[in-house]
Every structure is written in C-alpha cells, then in structure tokens.
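Quick notes on the structure that follows.
The values are calculated or read from the model by the stated rules, or taken from the named source; none is laboratory data. The model shown is predicted, which means the values in this text are computed figures rather than measured ones. Neighbour counts are summed over all protein chains in view; Cβ atoms, including those assigned to glycine, are modelled from backbone coordinates with ideal geometry.
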Amino acid sequence: MSRQAQHRNAIIHAAATLFRKQGYSATGMNDIVAASGAPKGSLYHYFPEGKEQLGKEAVRHAGMHAAKTLVDLAVKHDTAASLLTAYGDELAGWMTQSDFQEGCPITTVLLETTPSSEAIRLAGREAFRSWREVFERALLQDGMEPSQAARLAALAISALEGAMVQARVERSGVPIKDAAKEIAKLFAR
C-alpha cells in the first residue's frame, strides 16, 4: 500500500473511531487529523468535499468491516440463528471491551446527519443492506421463504442497533445478547 493510500485509510479509520466515540457533530476535522497521524494536507487532498465526504467514507468503511465480520462468522456457523447469536456475542464483547465508550459509527453518524446529508444516508443504506444480505442468505439456506427472510434480517439489524444503545445506557452487554437470542428464536422457526 502506498504511503498516500495509508494516509487516506488512516484518516477514514480515525474518523470512524472518533464518530463512534464522540459523535459526528462533536468531531472536528483537526481531531481527525490528529488521531490519524496524517498530514493535514492529506485530509483536503482525499476529501475535498470536507466532512460530509469523510462521513460518507467512514460509514462505508464501518459498514464493510461489519459485513466482513458477519461473512466470516457465517462460514463458522451452520444456521442463521447461531450466526446471529455469535454476532450478538461479538458486539457485546466489543462494547464491553470499550467500557461502553463506543457505539455503532454508522448509527451515530446517521442519527446526526439524516435527512440533511443524502450522501451519508445512501452510504448508511448500503451498509445496512450488506449486513441484511448476510442474514438473508443464512435464512434462505435454512429453508426460509424469501420475503420472510428479508423481513427477519431487517428486524435483526434493527434489534441489534437498538440493543447497542441500550447496552451503552445500561453499561452491560446483556441487552445485545438478549436481543440476539430472542431474534434467533424467530430465525429458527
């Protein structure tokens, strides 16, 4: 990877991390530059449209990371229900490890920018779609009817996102694990 590409990736990663910890609005461009270690000129070189463009890229980055985690877990689990509970365990562990300081960078950014930023909204839609598709494929492999698989996959994402908010408030991974277990029961029907 070229040094320039490293700077771009470092900036995106730093933005996603800071958005997850402190929110989109509370994160300034100087904060992102400092956290990334990239020269300030790189920020404006790679993101000439400013913070909104960086927000879109951070949402895409986080979405791809979550989708990859789901795909990797899907290889290890033979049912959609076991995939969902494993993912819930991963999320709960990650949030606990961060001492509940970090939330979902996608949801955090979307709540602050939608509907005012169409670019970030579309990046969020793409991210959530990629997660749903992993669950849908697993449900279809389990023999579920396509429209029901689509609805349950969407419900799983909604439940997990809401449970992550509750986990931060409660300072406990239990809401995430409970949500995953209850939705997994619906997956297993």
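Out of all the residues in segment 66-99, which are among the small types (G, A, S), surrounded by 14 or more Cβ atoms within 10 Å (Cβ to Cβ) and within 20 Å of Q22 (Cα to Cα)?
The answer is A66, A92.
Is there a residue in segment 31-42 that is touching a residue at least 40 places away in the same chain (Cβ under 8 Å) and among the polar types (S, T, N, Q)?
No, because not a single residue in segment 31-42 is touching a residue at least 40 places away in the same chain (Cβ under 8 Å) and among the polar types (S, T, N, Q).
Out of L186, L155, L140, which single residue is of a type in the set (A, V, I, L, M) and within 16 Å of the chain's Cα centre (by Cα)?
Going through L186, L155, L140 in turn, just one is of a type in the set (A, V, I, L, M) and within 16 Å of the chain's Cα centre (by Cα): L155.
For segment 134-189, how many residues meet the condition of being basic (K, R), part of a loop (DSSP other than H, G, I, E, B) and either in contact (Cβ under 8 Å) with a residue 60 or more places away in the chain or buried (at least 20 other Cβ atoms within 10 Å of the Cβ) (or both)?
Summing the residues that are basic (K, R), part of a loop (DSSP other than H, G, I, E, B) and either in contact (Cβ under 8 Å) with a residue 60 or more places away in the chain or buried (at least 20 other Cβ atoms within 10 Å of the Cβ) (or both) in segment 134-189 gives 1.
Do we find that L122 is modelled with pLDDT of 95 or more and either in contact with a Leu (Cβ under 9 Å, 6 or more places away or on another chain) or crowded, with 20+ Cβ neighbours inside 10 Å (or both) in this structure? Before you say what the answer is, go through the steps one by one.
Values: modelled with pLDDT of 95 or more: yes; either in contact with a Leu (Cβ under 9 Å, 6 or more places away or on another chain) or crowded, with 20+ Cβ neighbours inside 10 Å (or both): no.
It is false that L122 is modelled with pLDDT of 95 or more and either in contact with a Leu (Cβ under 9 Å, 6 or more places away or on another chain) or crowded, with 20+ Cβ neighbours inside 10 Å (or both).
Return the total of residues in segment 60-76 being in contact (Cβ under 8 Å) with a residue 40 or more places away in the chain and touching a Leu at 6+ places or on another chain (Cβ under 8 Å).
Going through segment 60-76 one residue at a time, the tally reaches 2.
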